[in-house]
Amino acid sequence: MERHAAAGPGASKAPGPRGPGAGTGAPAGSDKTEADGGKTEVIVAIVTEPQFTQHCRKFLEKHQLLDKCHRVKQLPNGTMALPVLEEGLTEQHLQILRQQGLPESTCRLTHVLNPLPSKKAQNRSPTQKLRQEVRRLVEGQGRVWSAELEKDLPRSWQRHGDLILLNEESFRAAHWKKLEPGLWKTVASALGGQRLAKRGRVSPGGTRAPKVTLLLGAHGWVEHVDNGIRYTFDVTQSMFSFGNITEKLRVASMTCAGEVLVDLYAGIGYFTLPFLIHANAAFVHACEWDPHAAAALRKNLELNGVADRCHIHLGDNRKLKLWSIADRVNLGLIPSSEEGWPTACQVLRRDTGGILHIHHNVESFPGKELQLFSSSEAGQKEQRAARNSERQTPAKITKLEWLRWAEAVAARIGVLLLQLHGKPWEIQILHVQPVKSYAPHVDHMVLDLDCRPVSCSSGEVIGKAERSCDQGPRV
Ligand SMILES: C[S@@+](CC[C@H](N)C(=O)[O-])C[C@H]1O[C@@H](n2cnc3c(N)ncnc32)[C@H](O)[C@@H]1O
């Protein structure tokens with residue numbers, strides 16, 4: 001059994017590389033830096049004769065001193081340089097190696113310039129790469145790698161082209177401040193990016209401003225191509241919701257040729273653009289009160305060549321000066337778009353009515369799934385709705401809460417339209433679409449409501465192509 005002094009307090013640190021032929025000419029104590037951006041990487045290695053390489057490697061592995069990120073290198077004089085984790089290495093370790101038979105002449109430290117990464121390092125996952133490189137940076141500055149730092153590393157991030165967006169749960173420890181700005185270069189490069197930003201908490205309130213701080217790079221503008229549509233926006237000002245993809249695809253599959261649409265919560269154009277480009281809407285009135293989002297929306301309309309079919313209404317949609325103009329209204333705001341319902345009713349065509357797409361976060365609880373769906377009254381209602389739906393295969397309303405919510409919204413919209421126009425409207429649930437799970441037992445849902453005025457003479461519902469007897473001027 002080996003006997004050696006522990007690398008604890010009082011254990012002397014192994015001296016840096018020294019003596020003739022020691023290493024490659026890098027000055028002792030030179031900074032260890034990332035090999036990207038043209039900088040030189042320098043690591044420390046133990047030199048030994050080739051026949052002692054295996055023994056030395058086993059010893060280093062056993063004491064967790066082997067730097068597994070780099071390859072063993074043969075030096076010009078035929079000796080071998082084994083990369084070591086410098087921080088834990090003490091003079092006692094070297095002494096033990098010598099006692100175990102390594103020749104005094106070669107059992108010494110050296111510097112290796114630009115070492116080759118080991119096979120293992122080449123196959124590292126981004127998370128492993130990040131951990132190893134940040135750890136090396138921390139230790140290279142003479143600081144101790146702690147469990148607190150380890151826990152504070154990001155586990156997930158968003159990639160927006162060359163910009164990496166970290167979540168709010170990472171790099172919160174005060175310690176990181178001392179490693180800036182080099183830290184951000186290391187993080188960005190480990191994750192394969194050139195710019196880096198970090199998300200704060202989404203601020204409460206209508207704008208859902210993401211509070212993102214740019215850590216590395218000159219600006220936060222990024223571009224995405226999604227279902228053939230180009231979106232650009234500044235990540236420090238607006239957010240891109242990857243989770244809405246099912247709804248964006250559903251919107252893209254709709255047929256809205258010849259229709260006028262009002263998008264009450266347009267953002268950077270997540271729905272405005274698919275409505276214009278894929279669903280072929282004739283014209284979109286896009287409402288947005290955040291100037292940054294509106295600026296991105298304007299760019300996106302131009303990027304996609306549809307700026308002439310959209311008007312941006314910058315301001316609070318509750319004060320929108322449009323009446324009886326829309327064949328369709330999109331209300332894409334969660335947790336609730338309820339504050340926009342009066343405006344949605346106001347802009348809906350009073351002669352023919354139209355369709356509302358109402359977003360909402362609906363709470364539900366396990367064990368309350370609808371049973372025997374198709375034979376129940378609810379099931380028949382859904383089947384009727386499905387027959388009228390624009391889609392061939394509508395999602396089933398599989399949760400009782402979804403159905404209750406849809407019915408409550410339909411009733412409320414009916415009342416709003418009755419109050420607005422002084423006559424009844426027929427409100428039909430066309431479709432109930434789960435978009436994503438927002439939180440445990442909370443689903444982001446979209447309800448498609450068909451809203452038609454009832455003809456005053458016959459009591460019949462006025463279809464899209466028909467006109468009611470009291471049609472007012474279209475504004
Ligand atoms: C969550 S984003 C929705 C963007 C897109 N509809 C989606 O679901 O991905 C909501 C947008 O509505 C805007 N907004 C919220 N309340 C508004 C209001 N009263 N008037 C105009 N815009 C509003 C916000 O600024 C934000 O850009």
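Read-outs: derived from the displayed coordinates by stated rules, not from any lab. Remember, it's a predicted structure, so these values are computed and weren't measured experimentally. Glycine also receives a Cβ, built like all others from the backbone with ideal geometry; neighbour counts cover every protein chain displayed.
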Review point. Using 0.36 nm per residue, how much length does the chain from Ala307 to Lys68 gain when fully extended, once their Cα-Cα distance is taken away?
Key: 80.5 nm
**Study point:** Computed E for Gln54/Lys151 - FRET, C-beta separation, R0 35 angstrom, nearest 0.05
**Key:** 0.45
Point to revise | Whole-Å distance, taken between Cα centres, linking the stretch 275-302 and the stretch 126-154 | key: 43
Exercise for review: Could you estimate the translational diffusion coefficient of the stretch 36-121 from the Stokes-Einstein equation, with Rh from the Kirkwood formula over C-alpha pairs, at 25 °C and 0.890 mPa s, in whole µm²/s?
Suggested key: 188
Point to revise | Spin-label pair Leu116/Ser336, simplified geometry with 7 Å Cα→Cβ offset, distance in nm | key: 6.5
Revision key, fill the gap. Computed from the beta carbon distance with a Förster radius of 41 Å, FRET efficiency for Thr255 and Asp316 to the nearest 0.05 stands at 0.85
Review point. Say R0 is 45 Å: what FRET efficiency, to the nearest 0.05, do Lys423 and Gln158 get from their beta-carbon distance?
Key: 0.35
Exercise for review: Starting from the Cα of Val225, step 7 Å along the direction of its Cβ; do the same at Gln128; then give the gap between the two resulting points in nm.
Suggested key: 3.2
Point to revise | Which listed pairs, of Lys211/Lys248; Lys129/Lys211; Lys299/Lys399; Lys62/Lys177, have C-alpha distances above 30 Å, in listed order | key: Lys299/Lys399; Lys62/Lys177
Point to revise | Inter-probe distance in nm under a simple model that places probes 7 Å from Cα toward Cβ, at Gln141 and Thr213 | key: 1.5
Revision key, fill the gap. With N residues in the stretch 121-275, Rg(alpha-carbon) / (2.2 N^0.38 Å) equals 1.26
